[in-house]
């Protein structure tokens, strides 16, 4: 019994395998048939033509150019020549004057020499010599000013010559007392000395100087 069952089982397995192989073959044939490309040879068409050779043309002969003479009229000068006779060239004299020749004497001016450049300097004002506070002292107090107990400040302007000396004195602001103002100018004209002013060439020139003198009564 067991043997018969085993044979039966083996037969079933063999039949199943045959059916499976048959189905796989059919499927492969279908796929191969779908993917297969049928190619047919394309006939080649050849066309022929008959070419007739071209007959060569004879060469063209060009005759050489014929030269014709050209008549050229003679050219006349614009101005007829004039006989001027012998010409004498001028000569130069030592003083740069042309002498002789057909044109007579001609005086050629000589160029004037260029003057050398003049050095320039910064202009300077007149400067006092020494201490200006010692020009006027309490010893110069006018007697009338002391008696009247006058005090005040006198502003002045001095005119100075090119030698540094005072030419004149002008009171620009009065102290309020004529005695103090006049004494101020008198003392400064006599004592003040200056280094003279100079211009842009460095030469000494007249100048001026301004200042103030304050008068205070001396304390005993």
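I'm told residue 208 meets every condition in (1) farther than 30 Å from residue 119 by Cβ; (2) assigned to a strand (DSSP E or B) except one. Can you identify the failing condition by its number?
(1)
Mind checking which pairs have a first residue in region 168-192 that is without any contact (Cβ under 8 Å) to a residue 12 or more places away in the chain and a second that is part of a strand (DSSP E or B) and surrounded by fewer than 16 Cβ atoms within 10 Å (Cβ to Cβ), Cβ under 9 Å, 6 or more apart or different chains?
none
Given region 85-188, what strands (runs of 3 or more DSSP E) lie entirely inside it while holding 1 or more residues that are surrounded by 11 or more Cβ atoms within 10 Å (Cβ to Cβ) and at pLDDT below 75? Can you show your working first?
Values: elements: 97-99, 152-160, 166-173.
The qualifying strands (runs of 3 or more DSSP E) are 97-99.
The values are calculated or read from the model by the stated rules, or taken from the named source; none is laboratory data. For clarity, every value in this text was computed on a predicted model and none was experimentally measured. Every residue, glycine among them, receives a Cβ derived from its backbone with ideal geometry; neighbour counts consider all protein chains shown.
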